[in-house]
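Let me begin by presenting the structure, written as C-alpha cells, before commenting on it.
The values are calculated or read from the model by the stated rules, or taken from the named source; none is laboratory data. From a predicted model like this one, the values you see are computed outputs, not experimental measurements. Positions of Cβ are generated from backbone atoms using ideal geometry, with glycine treated the same way; all protein chains shown enter the neighbour counts. Surface areas here come from the heavy atoms of the whole protein model, side chains and all, with no ligands, DNA or RNA. Shrake-Rupley method; radii C 1.70, N 1.55, O 1.52, S 1.80 Å.
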Amino acid sequence: MDSKLFEDAKPSVLLIIPPFTQANTPYPSVMQLSGFLQSKGYPAKSFDLSLAVILRIFSQSGLKTIFSAIEKQQPADESVSRAIRLAPQYIGIIDPVIGFLQGKDPNLAYSLVTENFLPRGEAFARDVDLSSAFGHLGVQDRAKYFCSLLVDDLTNLIRKTISPHFGLSRYAEHLAVSPATFDPILQELQKEPNAIDEMIFRETQHAVEEFHPDVIGYTVPFPGNLLGALISSKFVKTNHPDLKIVFGGGYINTELRQLRDPRIFDYLDYLTFDDGEMPLLHILQNHKTEKDGKWARTVCRTGQALKYKDNLADKIVRHDELTAPSLEGINPGSYISMTEMLNPMHRLWSDGYWNKLAVAHGCYWHKCTFCDITLDYIKRYSPAKAATVVDWMEDLMEQSGRSVFHFTDEAAPPAALSEIAIEILRRNLKVSWWGNVRFEKAFTPDLCRLLAASGCVAVSGGLEVADRRLLQLINKGVTVEQVAEVCHNFQEAGIMVHSYLMYGFPTQTEQEIINSLELVRQFIQLDLFQSGFWHLFALTAHSPVAQNPADFNIRIKSKFDNPFATNDMIHENLNGMDYTSYTEGLNKALYNFMHGVGLEWEVTDWFDFKVPRPTVNRNLILGHLSRERGNTIEMQRRVLWLGTIPGIIAEGGKKHRLILHSNAAEGSWEIAYPVGQWLVQLAGSASAHSDRKVSFGEIRNTFPGGPAKMEEFMNSELWRDLRESVLLFL
C-alpha cells in the first residue's frame, strides 16, 4: 500500500441520531451535515440509532429480552401481570405489526382489525368512536391505529418495569432539562445497564463495525436525547477509545453555552455550538495533526480545564450555499408510521416519512419576547433561493423515493414560499408539503391557493395567547382577527391548520385565560384550525422576558451561570397566579373540541373550580369573518395563471366560446373573441412556466377597449369564475 496515499486519506465521520427522537422519520441535522461534508470530500454517513434501537426493542428477540427481564421482578401492577401472561402473543405478533407499520404486507390489515388478533392492554381502553373515525372502509387506518396502540401498551410496560425514562420520542427528558450540575446525568450513566441500555450498546457497536469511522458526531436536539447519546458515547469511549466524539445540536446550543462542569468530557471530545458545518469541518481538518489549526465554535477539555476555540475568520455558511442533505446510511423504508391521535392534522407528525428541509436559516420575524431570539439559530436570518430549495427537493426525491416534505423553519417566510410554490409548478413536480408559518396578513386567499396548488397540505403556527393585550406584550406582530382571516384563507384553499397555544405568559390574568379558551372554541367550531396544543409558558434564559424580568412582572429564581445546563428558568409570577391549576381544564376542553365534542358548551364547564365567564362575544370570530372586505387589486400585484391554456371555439356568426380544462372539470363560457384572445395570451404570459412576471397594471392596460372596459369585465360572472379557479394576484 502507498503510505503517502494512506496519510492523505481524509478522516471519515459517522453522524448519529441518538435515542429517542422519532420513529416515523429521521431528524434532519445529521443528513444536512453529511451532505455538506461529502461536498468537501470527507467520507460521511448518517445513522439513526434511535430507529435502530426501536426496531431492536420491538422485535421478537427484543421482546424476549424485555419479558425475560420483567419476569425476574414481582410486579404488583395488574396491567404488567396481564402483559406477562400474554407475552407469547406479544412476541409472536410483534414482527408482523412492525412490518405493517413500515408499509409491508398491507393485507394483514383485515386480520389486525378483528377483535382477538392483537393482545390488548390499557391503551385499547381509550374512549374512541371507531366508526366515526374510520367508517366502514378505513381498514388500513384502523389497523394502523390498533398496531400503534399495541406499541403504546408495550412502551408503557417498559416504562413501568425496565426504565421509567423510556419513550419513543424522548428518554429521561426530565433529567436533562437545565440541570445545574452534571450529577443527575452522571448517576444514570453509572447505574447497572438495563435491557434498553444493552440494546443501545449493541446497535452502536453494529454501526461502528459497519462504517469504521475516525470521528463520531451526535446531534442532541432535545433534552430527551442527551442521556441516550451519552449511553452510546460511553460505550464508544470504553470500547473504541481511539475514536473522537463530537456533540452538537439544539440542546447543546441552548443549554450548555456557559458550561463549566468538565465531567461530560469523560464521554466525548468536543462540543460545538450553533450551525455544525464549519465546526465539524475543522475538527476533521485538525484530526490527527500535531499543530493546533483553525477552529469554529468548539469546546474541548485540556486536563480539567475547558477551552473555547473559535479563531476562524469565515465561520458562517449561508443557507443558500448548502448542498442537499445526503441520505447515505438512512433507509426510508425502515421507518414506522404510527397513528398516535386520530386527528388528521396531528397525524402529520408521526404518521409517515417526510423529507425535511428548511427554506431559511433563522426566523425572519425574530421579535417574539418568549423566544430565544438572542441565539444564532433564531436571530441570523439567511434564506435560500427558491430554485435552490426546489433543487434540494428534487435531490431528496431521487434519494428517498418519496415526494413528501416538511419544511422545518421556525416560521417559513411567505414571500419565499410563494416563489418556491411557483418553482414547483414551473418544474411540474407533484409533491406534498407542510411547514410552520406566522399567521400574518401576507397569507392572502390567493397566496394560500397558490401554496395548495403546489402541494401544501397543512401549516402550523402560533395563535399563542389569543388575547389582544398579551399578543402585543409578546410582540407577535399579529392580532386575533388577523389570525382568523389567515386561517380562513388556508381553510378555503383546503389546507389544514395546527395552532400552537400558550397559557401562563407573565401578567396573564384568569379572565384572559378563559377568554383565550373561548376564542379557541370559536376557531375550532368554525373549522379555522383542525388541531392545537396548549403549552404552559416556559421561561428560557435567552429570551427577552428573561433578559428583562421587571417588564413582565416576574422574579427569576434560577441562576444564569450554572456549572452545567442553563436554559429553562424557574420564576415567580408576581401577580400570584398559579397557572398549572388551569392545565387539566384547558387540555380537556381542547381534546374534546378537536373531536367535535362540547363546542356548544360554556367554556367554564371544563373546569372543576369556579372561573369567570368569558367577556368576549360568543360570535366574535364569526362576526369578523362575515364583514365585507375590499376587493381592490393593487397595480403592482403579480398575475399568475394556475390552469391550462384555454381554447376558443367559434359557434357560428360572431359567437365564440371559451373552453378551460382542469383536472376535475371543464369550464365553458360565451365570450367576445377579442376578450377570449386576451385571456389566451394572459394564460401563456402569466403561467408558472413563463419567464415573464406580469403585473395587474400591465394586463389592465392591454385589455380590449382599455382600463374602463376592464372594470366592466371584472364585474362579470366569467371573471368571478376565473378568480375562483385559475387567476391569482400575488
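Quick rundown of the values:
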{"quantity": "Selected residue (criterion: most open to solvent (accessible area, probe 1.4 Å)) from residues of region 75-108 that are among the small types (Gly, Ala, Ser) and closer than 27 Å to TRP354 by Cα", "calculated": "GLY103"}
{"quantity": "Some residue of region 401-412 being aliphatic (A, V, I, L, M) and open to solvent by 50 Å² or more (accessible area, probe 1.4 Å)", "calculated": "no"}
{"quantity": "Subset of region 591-622 that is modelled with pLDDT of 95 or more and touching a Gly at 6+ places or on another chain (Cβ under 6 Å) - its residue that is farthest from GLU518 (Cα to Cα)", "calculated": "PHE607"}
{"quantity": "Sole exception among (1) in contact with a strand residue (DSSP E or B) (Cβ under 6 Å, 6 or more places away or on another chain); (2) within 29 Å of GLU600 (Cβ to Cβ); (3) crowded, with 19+ Cβ neighbours inside 10 Å for PRO506, by number", "calculated": "(2)"}
{"quantity": "Filter result for the condition that a residue is at negative phi, polar (S, T, N, Q) and crowded, with 16+ Cβ neighbours inside 10 Å, over SER581, SER626, SER558", "calculated": "SER558"}
{"quantity": "Considering residues of region 1-36 that are among the β-branched types (Val, Ile, Thr) and at pLDDT 95 or above only, the residue nearest to VAL359 (Cα to Cα)", "calculated": "VAL30"}
{"quantity": "Hey, HIS366 modelled with pLDDT of 95 or more and open to solvent by 10 Å² or more (accessible area, probe 1.4 Å) or not", "calculated": "no"}
{"quantity": "Listing of helices (runs of 4 or more DSSP H) fully contained in region 183-288 that carry 3 or more residues being in contact with a strand residue (DSSP E or B) (Cβ under 7 Å, 6 or more places away or on another chain) and open to solvent by less than 10 Å² (accessible area, probe 1.4 Å)", "calculated": "223-239, 277-285"}
{"quantity": "Residue in region 50-61 that is assigned to a helix (DSSP H, G or I), open to solvent by less than 20 Å² (accessible area, probe 1.4 Å) and of a type in the set (Phe, Trp, Tyr) present", "calculated": "no"}
{"quantity": "First in region 574-591 and over 14 Å from ASP608 (Cα atoms), second anywhere and among the aliphatic types (A, V, I, L, M) and open to solvent by 40 Å² or more (accessible area, probe 1.4 Å), Cβ under 8 Å, 6 or more apart", "calculated": "TYR579/LEU536"}
{"quantity": "Region 704-730 - residue that is under 27 Å from LEU451 (Cα atoms) and basic (Lys, Arg) and, of those, surrounded by the most Cβ atoms within 10 Å (Cβ to Cβ)", "calculated": "ARG723"}
{"quantity": "Every residue from region 557-587 that is closer than 30 Å to LEU259 by Cβ and assigned to a loop (DSSP other than H, G, I, E, B)", "calculated": "LYS557, SER558, LYS559, PHE560, ASP561, ASN562, PRO563, PHE564, ALA565, THR566, ASN567, ILE570"}
{"quantity": "Subset of region 40-90 [over 14 Å from PRO119 (Cβ atoms) and among the charged types (D, E, K, R)]", "calculated": "LYS40, LYS45, ASP48, ARG56, LYS64, GLU71, LYS72, ASP77, GLU78"}
{"quantity": "Residue among SER12, SER46 that alone is open to solvent by less than 30 Å² (accessible area, probe 1.4 Å), in contact with a Lys or Arg (Cβ under 8 Å, 6 or more places away or on another chain), of a type outside the set (Phe, Trp, Tyr) and closer than 30 Å to THR289 by Cα", "calculated": "SER12"}
{"quantity": "Any pair with Cβ under 8 angstrom, 6 or more apart, that starts in region 619-639 at a residue that is touching a residue at least 24 places away in the same chain (Cβ under 8 Å) and ends at one that is basic (Lys, Arg) and open to solvent by 90 Å² or more (accessible area, probe 1.4 Å)", "calculated": "ARG638/LYS693"}
{"quantity": "Residue, surrounded by the fewest Cβ atoms within 10 Å (Cβ to Cβ), within region 428-441, restricted to residues that are over 15 Å from LEU642 (Cβ atoms) and out of contact with any Gly (no Cβ under 8 Å at 6 or more places or on another chain)", "calculated": "LYS441"}
{"quantity": "Those residues of region 673-703 which are surrounded by fewer than 16 Cβ atoms within 10 Å (Cβ to Cβ), touching a residue at least 12 places away in the same chain (Cβ under 8 Å) and farther than 17 Å from LEU642 by Cα, in sequence order", "calculated": "TYR673, PRO674, GLN677, GLY697, THR702"}
{"quantity": "Tally, over region 428-455, of residues that are farther than 22 Å from HIS319 by Cα and not in a helix (DSSP H, G or I)", "calculated": "13"}
{"quantity": "Pairs with Cβ under 7 Å, 6+ apart, first in region 267-293 and under 17 Å from LEU306 (Cβ atoms), second assigned to a helix (DSSP H, G or I) and not polar (S, T, N, Q)", "calculated": "TYR267/LEU230; TYR267/LYS234; TYR267/LYS237; TYR270/ILE283; LEU271/ILE252; THR272/PRO279; THR272/LEU280; PHE273/ILE252"}
{"quantity": "Strands (runs of 3 or more DSSP E) wholly inside region 290-373 containing at least 1 residues that are under 23 Å from LYS104 (Cβ atoms)", "calculated": "355-357"}
{"quantity": "Unmet criterion (only one of (1) open to solvent by 40 Å² or more (accessible area, probe 1.4 Å); (2) out of contact with any helix residue (DSSP H, G or I) (no Cβ under 9 Å at 6 or more places or on another chain)) for SER543", "calculated": "(1)"}
{"quantity": "Test: residue in region 459-475 that is touching a strand residue (DSSP E or B) at 6+ places or on another chain (Cβ under 9 Å) and open to solvent by 20 Å² or more (accessible area, probe 1.4 Å)", "calculated": "no"}
{"quantity": "Checklist (1) under 28 Å from the mean Cα position of the chain (by Cα); (2) open to solvent by less than 40 Å² (accessible area, probe 1.4 Å); (3) within 29 Å of THR181 (Cα to Cα) applied to HIS535, failing item", "calculated": "(2)"}
{"quantity": "Residue in region 293-322 that is modelled with the lowest pLDDT, counting only those that are surrounded by fewer than 19 Cβ atoms within 10 Å (Cβ to Cβ) and polar (S, T, N, Q)", "calculated": "GLN304"}
{"quantity": "Residue list for region 209-227, restricted to those being among the acidic types (Asp, Glu) and over 10 Å from VAL13 (Cα atoms)", "calculated": "GLU209, GLU210"}
{"quantity": "Helices (runs of 4 or more DSSP H) fully within region 92-180 counting 1 or more residues that are modelled with pLDDT of 85 or more", "calculated": "109-112, 139-161"}
{"quantity": "Among the candidates PHE36, PHE20, residue that is assigned to a loop (DSSP other than H, G, I, E, B), under 25 Å from PRO332 (Cα atoms) and not polar (S, T, N, Q)", "calculated": "PHE20"}
{"quantity": "Enumeration of residues in region 151-181 that are in contact with a Leu (Cβ under 9 Å, 6 or more places away or on another chain) and within 28 Å of MET569 (Cα to Cα)", "calculated": "HIS165, TYR171, ALA172, GLU173, LEU175, ALA176"}
